[in-house]
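Q: Below is the structure I would like to discuss, written out as structure tokens.
The values are calculated or read from the model by the stated rules, or taken from the named source; none is laboratory data. Predicted, not measured: the structure shown is a model, and the values here were computed from it. A quick note on method: Cβ atoms are made from the backbone with ideal geometry, for glycine too, and the neighbour counts reach across all protein chains shown. We work out accessible area using only protein heavy atoms, side chains counted, and drop any ligands, DNA or RNA first. Shrake-Rupley method; radii C 1.70, N 1.55, O 1.52, S 1.80 Å.
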Amino acid sequence: QQLIQADKLATMGTMVAGVAHDIANPTGLIKGAQVLAEESRVRLKDTVLALFEGDSSEEANKLRGELVTLFGELEKGAKDTILGADRINAINSAIRNQARSEQILSSVPIRELIDECLTVVGHRLKGIAVEVVCPDDLVVELIRPQFGQVLMNLLSNAADAIVEQGEGEHG
């Protein structure tokens, strides 16, 4: 039973790593398209607003205000899209780093590893304030995937304990 479970977990890890790799291409496409769309939005805004130069009529001012509002909404949407794509990239990178099967000691910036683990289990930490006190330049010799798994387990268990404690207090 343990061998079957270990094989299932290994297969699942390989599958997740493959999915993470496959997500990288469309995410890059989204980011590239967003850069082009942002440049076009800026040019369009400048061109459209230039049409109103010299016209200070009430009707022109009202239409100009509506257009500025619409361009502002487009800008906010573009920024949100970039944030989303950046988040996908961060999750993707963290998953790929944690899915590695290497079993060798290597020098690892521990803060980077902590941040990756927080990214992977971040969905479990919603509403929980997490403060990391660790020097950015601290490098440790360790087996990265194994230590990453330990950190993710600690974070997940801490999140579960906090949620259970909160339910106990309110439920």
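For every residue, the table says whether it meets (1) assigned to a helix (DSSP H, G or I); (2) more than 17 Å from the chain's Cα centre (by Cα).
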{"position": "ASP115", "(1), (2)": "yes, no"}
{"position": "ARG124", "(1), (2)": "yes, no"}
{"position": "GLY127", "(1), (2)": "no, no"}
{"position": "VAL130", "(1), (2)": "no, no"}
{"position": "ASP137", "(1), (2)": "no, yes"}
{"position": "GLU141", "(1), (2)": "no, yes"}
{"position": "ASN157", "(1), (2)": "yes, yes"}
{"position": "ALA161", "(1), (2)": "yes, yes"}
{"position": "GLU164", "(1), (2)": "yes, yes"}
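Q: Tell me which of these GLN149 doesn't satisfy, since it passes every other one: (1) within 20 Å of the chain's Cα centre (by Cα); (2) open to solvent by 70 Å² or more (accessible area, probe 1.4 Å); (3) under 27 Å from HIS21 (Cα atoms); (4) without any contact (Cβ under 8 Å) to a residue 40 or more places away in the chain.
A: If we test GLN149 against (1) within 20 Å of the chain's Cα centre (by Cα); (2) open to solvent by 70 Å² or more (accessible area, probe 1.4 Å); (3) under 27 Å from HIS21 (Cα atoms); (4) without any contact (Cβ under 8 Å) to a residue 40 or more places away in the chain, just (4) comes out false.
Q: What are the residues in the range 62-90 that are among the aliphatic types (A, V, I, L, M) and free of Cβ contacts under 8 Å to residues at least 40 places away in the same chain, if any?
A: So the first thing to find is which residues in the range 62-90 are among the aliphatic types (A, V, I, L, M), and the list is 63, 67-68, 70, 74, 78, 82-83, 85, 88, 90.
The answer is LEU63, LEU67, VAL68, LEU70, LEU74, LEU83, ALA90.
Q: Shifting gears a bit: I'd like the full set of residues that are open to solvent by 90 Å² or more (accessible area, probe 1.4 Å) and at pLDDT 75 or above, limited to the range 1-20. Explain how you work it out, then say what you get.
A: Let us first name the residues in the range 1-20 that are open to solvent by 90 Å² or more (accessible area, probe 1.4 Å), namely 1-5, 7-9, 12, 14-15.
Listed by number, the residues that qualify are GLN1, GLN2, LEU3, ILE4, GLN5, ASP7, LYS8, MET15.
Q: Can you spot a residue in the range 70-86 that is out of contact with any Leu (no Cβ under 8 Å at 6 or more places or on another chain), farther than 28 Å from GLY18 by Cα, open to solvent by 40 Å² or more (accessible area, probe 1.4 Å) and of a type outside the set (D, E, K, R)?
A: There is at least one residue in the range 70-86 that is out of contact with any Leu (no Cβ under 8 Å at 6 or more places or on another chain), farther than 28 Å from GLY18 by Cα, open to solvent by 40 Å² or more (accessible area, probe 1.4 Å) and of a type outside the set (D, E, K, R).
Q: While we're on this one: Looking at SER40, SER56, can you tell me which residue is polar (S, T, N, Q) and not in a helix (DSSP H, G or I)? Break it down stepwise before answering.
A: Details: SER40 fails: not in a helix (DSSP H, G or I).
Of the residues listed, the single one that is polar (S, T, N, Q) and not in a helix (DSSP H, G or I) is SER56.
Q: Among the residues of the range 162-171, are any of a type in the set (A, V, I, L, M, F, W, C) and open to solvent by 40 Å² or more (accessible area, probe 1.4 Å)?
A: Within the range 162-171, the first condition is being of a type in the set (A, V, I, L, M, F, W, C), and the residues that meet it are 162-163.
Restricting the remaining residues to those that are open to solvent by 40 Å² or more (accessible area, probe 1.4 Å) gives 162-163.
Yes, the range 162-171 has at least one match.
Q: Only one of these conditions is not met by GLY54: (1) closer than 30 Å to ASN92 by Cα; (2) free of Cβ contacts under 8 Å to residues at least 12 places away in the same chain. Which number is it?
A: (1)
Q: I'd like the residue in the range 109-146 that is β-branched (Val, Ile, Thr) and more than 27 Å from GLY84 (Cα to Cα) and, out of all such residues, is surrounded by the most Cβ atoms within 10 Å (Cβ to Cβ).
A: From the range 109-146, those β-branched (Val, Ile, Thr) are 110, 114, 119-121, 128, 130, 132-133, 139-140, 143; that's our starting set.
Retained after the next criterion (residues that are more than 27 Å from GLY84 (Cα to Cα)): 139-140, 143.
Values: VAL139: 13, VAL140: 13, ILE143: 15.
Top of the filtered list is ILE143.
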